[in-house]
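Some notes on the structure that comes next.
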Amino acid sequence: MRARSKTCPVCEAGVRVVDYKDERTLGRFLTDRGKILPRRLTGANAQQQHQIKRAIRRARVMGLVR
């Protein structure tokens with residue numbers, strides 16, 4: 001059996017730019033320990049994963065997420 005291909009959750013939501021101030025959205029891409037989830041688990045495409053990574057790092061500096 002083949003696994004169903006995942007669709008990008010950011011593209012589905014219609015978000016063009018991932019914002020570091022949106023804690024809810026960023027929380028979907030973090031583990032309970034605060035680590036960034038990889039693309040193979042989130043289903044995000046490469047461009048969106050890069051935006052997610054940058055947004056999470058900025059939010060950490062600002063103290064919005066751990």
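Results, tabulated for the structure shown:
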quantity: Residues of the stretch 1-54 classified as surrounded by 13 or more Cβ atoms within 10 Å (Cβ to Cβ), among the basic types (K, R) and touching a residue at least 40 places away in the same chain (Cβ under 8 Å), total; calculated: 0
quantity: All positions within the stretch 5-28 that are under 14 Å from R39 (Cα atoms) and not in a helix (DSSP H, G or I); calculated: S5, K6, T7, C8, R28
quantity: Every residue from the stretch 14-27 that is touching a Ser or Thr at 6+ places or on another chain (Cβ under 8 Å) and either over 15 Å from R60 (Cα atoms) or small (G, A, S) (or both); calculated: V15
quantity: Residues within the stretch 55-66 that are in contact (Cβ under 8 Å) with a residue 24 or more places away in the chain and assigned to a loop (DSSP other than H, G, I, E, B), tallied; calculated: 3
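Every read-out reported here was derived from the displayed coordinates using simple, explicitly stated rules and does not represent laboratory data. No experiment lies behind these values; they were computed from the predicted model shown. FYI the Cβ positions are ideal-geometry reconstructions off the backbone, even for glycines, and counts take in every protein chain you see.
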